[in-house]
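Enquirer: First the structure, which I've put down as structure tokens, then a few questions once you've had a look.
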Amino acid sequence: MTMVVGLTGGIGSGKTTVADLFAKYEINVIDADVIAREVVEPGTPGLTAIINKLGADILLADGTLDRSKLRQAIFNQQPLKEWLNSLLHPLIREKMQDEIKKATSPYCLLVVPLMVEKNLQVMTHRLLVVDVDEEIQVARTQQRDQVDPEHVKKILAAQASREKRNAAADDIICNNGDSTVLENKVAKLHQQYLEMSRLYP
Ligand code: ATP
């Protein structure tokens, strides 16, 4: 089985940026956010179950899931939220496993923003955490999403603490520096993971 390196970090820490750098080495990147959308695409058992539960009103005119309507429907509705999680989480995990099996690079990257919160590091052989000082994290996210700092801080508060995430890590990549510093760090980690991947048939 291919060695699986989990990649996580808080909002705006640089997960996508880091994953893109690994992808340049032709490492297969499996992205939980992409999979979470795929399991509710039209025609999937995931979307069918949601329609059966909430009615066809939950769809946009083009037949795709109206995500903002779904968010509103589950807001403050704990049992419904739990129902949705118990539907989607197994579908997401199953699809992740399928993609890991299909990976052809010496090791693959499994990117999951809420890896530590959902305890999904059990699916990985090694966990890489992107760490960044909160001040930089808030500033970069604010700039990227054109939102105010309070909005970013609210999301931060709902995520695992930096300490908890870092404590779960095998490797920590500090992303306080510029893109060249980051590229060099990824280059070193890539060599390290290539070495380690030889242990995985
Ligand atoms: P999210 O969890 O919110 O999807 P993320 O962890 O994937 O975020 P990125 O989108 O990769 O984070 O990075 C957040 C923002 O910070 C982006 O606009 C990105 O271009 C920028 N960024 C990332 N790393 C650096 C860096 N080393 N120097 C400057 N800007 C950076």
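Enquirer: Using a 10 Å cut-off around each Cβ, can you sort PHE22, PHE75 from fewest to most neighbouring Cβ atoms? Walk me through the intermediate numbers first.
Expert: Details: PHE22 24, PHE75 9.
Placing the least packed residue first, the sequence is PHE75, PHE22.
Enquirer: Normalising by the residue count of the chain, find the relative contact order in percent from Cα pairs under 8 Å and 6+ residues apart. Please list the in-between numbers first.
Expert: Numbers: 250 pairs, mean separation 77.8, N = 201.
Computed value for the chain: 39 percent relative contact order.
Enquirer: Relative to the Cα centre, what is the charge dipole magnitude of region 1-139, using +1 at the beta carbon of each Lys and Arg, -1 at the beta carbon of each Asp and Glu, and rounding to the nearest 20 debye?
Expert: 380
Enquirer: For ILE155 and LYS188, FRET efficiency with R0 = 30 Å and r from the beta-carbon atoms, rounded to 0.05?
Expert: Values: r = 30 Å, r/R0 = 1.01.
The calculated FRET efficiency here is 0.50.
Enquirer: By DSSP, what percent of the beta bridges with both residues in the chain are antiparallel, rounded to the nearest 5? Intermediate results must be reported in sequence, preceding the final value.
Expert: Details: 1 of 19 bridges.
The antiparallel fraction comes to roughly 5 percent.
Enquirer: How would you rank THR64, THR2, going from fewest to most other Cβ atoms within 10 Å of each one's own Cβ? Show your work: numbers first, answer last.
Expert: Numbers: THR64 13, THR2 18.
With the fewest neighbours first, THR64, THR2 line up as THR64, THR2.
Enquirer: Determine which aspartates and glutamates satisfy two conditions relative to LYS53: a Cα distance under 15 Å, and not lying fewer than 8 residues away in the same chain.
Expert: Leaving aside aspartates and glutamates fewer than 8 places away in the same chain, those within reach of LYS53 are ASP66, GLU82.
Enquirer: Just grab the label-to-label distance for ARG37 and MET196, each label 7 Å out from Cα along the Cβ direction, in nm (one decimal).
Expert: If labels sit at ARG37 and MET196, their model points lie 2.9 nm apart.
Enquirer: Another one. Which lysines have a Cα less than 26 Å from the Cα of LYS24, not counting those fewer than 8 places away in the same chain?
Expert: Cα-Cα hits under 26 Å: LYS15, LYS95, LYS101, LYS102, LYS185, LYS188.
Enquirer: Take the Cα radius of gyration of region 35-104 and divide it by 2.2 N^0.38 Å, with N its residue count; two decimals is plenty. Write out the running numbers ahead of the final one.
Expert: Working: Rg = 13.0 Å, N = 70, 2.2 N^0.38 = 11.1 Å.
That ratio works out to 1.17.
Enquirer: Set the Förster radius R0 to 41 Å, insert the Cβ-Cβ distance between ARG71 and THR180 as r into 1/(1 + (r/R0)^6), and round the FRET efficiency to 0.05.
Expert: On the way: r = 38 Å, r/R0 = 0.94.
Efficiency, from the Cβ-Cβ distance: 0.60.
Enquirer: May I pose another question? Could you pull out every residue, at least 5 positions away or on a different chain, whose amide H is within less than 5 Å of the one on VAL130? Hs are placed 1.01 Å off N in the peptide plane, and Pro or chain starts have none.
Expert: THR8, GLY9, ILE173
Any read-out appearing in this document is the output of simple, stated calculations on the displayed coordinates, not a laboratory observation. None of these values were measured; they are calculated from a predicted model. Please note: Cβ atoms are built from the backbone with ideal geometry, for glycine as well, and neighbour counts cover all protein chains shown.
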